[in-house]
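Read through the structure below, which is laid out as structure tokens, and then see the notes.
Here, each number is a calculation from the coordinates, and none is a lab measurement. None of these values were measured; they are calculated from a predicted model. Cβ: placed from backbone, ideal geometry, glycine included. Neighbour counts: every protein chain shown.
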Amino acid sequence: MAQVDVLFAGYVGDRVAGTVTLVRSGDRVIVVDPGMVPERAAILQPMFDLGVQPRDVTDVVLSHHHPDHTVNIALFPEDARVHDHWAVYTRDVWDSRPAEGVALTPEVRLLETPGHTPQDISTVVETDDGVVVLTHLWWNGDIAPDPKAVDGDAVRRNRGRVLEIASLIVPGHGAAFAAADAPVWT
Ligand SMILES: [Zn+2]
Ligand SMILES: [Zn+2]
């Protein structure tokens, strides 16, 4: 089964950092949202501690296009596949495809979950501990609304979709939390 390790739990406040996550599934080594962190070592050292080198990374998934989730893509190999809502990018090849239902491995697939921006996707991972969903639909386990959402109704609708399948949520700017404890935006 796939393994999920949060490399860095993001935050928002005076400063902002994104949650950066490593997913290992079969022969794929996937980094989700290599974005803003206080220093690059905040991503790299936890990888080293897991026995993973940056050159081992085969895929990068971007939850959406904001820099706080993307600025550190180039830490990883130039032939890594970069996945977003509408394409896969490798070197100078832009391979358009919708993300909905795309499977990176039998255990890792993408869902289109817009609302924060029109470009949001969530990464769904089957693990021994249940289904983990990496998503910016929540900023963290405490903040219920998305104050920056371009479409709050879409966020709420897509949260419902995710909660139907998730046991654990890895949010955009915080530590993982149980889906049962997800804050509700009424
Ligand atoms: Zn954003
Ligand atoms: Zn964000």
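If R0 is 22 Å, what FRET efficiency do you get for L163 and H65 from their C-beta distance, rounded to 0.05?
0.35
Kindly state, to the nearest 0.05, the FRET efficiency for W185 paired with D128, given R0 = 25 Å and r defined as their beta-carbon distance.
Calculated transfer efficiency: 0.25.
Can you work out ³J(HN,Hα) from phi for every residue in the range 57-65, in order, using Karplus 6.51 cos²θ - 1.76 cosθ + 1.60 and θ = phi - 60°, giving whole Hz and x for Gly and Pro?
6, 9, 8, 10, 10, 9, 5, 5, 9
What percent does the relative contact order of the range 76-174 come to when contacts are Cα pairs within less than 8 Å and at least six residues apart?
Once normalised by length, the contact order is 21 percent.
For the chain, what relative contact order do you get, as a whole percent, if you take Cα pairs closer than 8 Å and at least 6 residues apart?
Contact order relative to length: 19 percent.
Mind running the shape call on the chain? Use the C-alpha gyration tensor, a ≥ b ≥ c as the square roots of the eigenvalues: rounded below 1.5 for a/c, prolate if a/b tops b/c, oblate otherwise.
Since a/c stays below 1.5, the shape of the chain is classed as rounded.
Classify the range 99-162 as rounded, prolate or oblate from the Cα gyration tensor: take a ≥ b ≥ c as the square roots of its eigenvalues, call it rounded if a/c is under 1.5, otherwise prolate when a/b beats b/c and oblate if not.
Note, shape of the range 99-162 comes out oblate.
Output wanted: per-residue J couplings in Hz (rounded whole) for the range 173-186, from phi through Karplus 6.51 cos²θ - 1.76 cosθ + 1.60, θ = phi - 60°, x for Gly and Pro.
9, x, 6, 5, 9, 5, 4, 5, 9, 4, x, 9, 9, 8
Let's test the formula: R0 of 22 Å, r as the Cβ-Cβ distance of Y89 and V16. What FRET efficiency results, to the nearest 0.05?
0.35
What are the residues whose amide H is under 5 Å from the amide H of G115, where those residues sit 5 or more places off or on another chain and H is modelled from the backbone?
D120
For the range 124-139, in order, what is each residue's ³J(HN,Hα) by Karplus, 6.51 cos²θ - 1.76 cosθ + 1.60 with θ = phi - 60°, in whole Hz (x at glycine and Pro)?
Couplings: 10, 10, 8, 10, 4, 9, x, 8, 9, 10, 9, 7, 8, 4, 10, 6 Hz.
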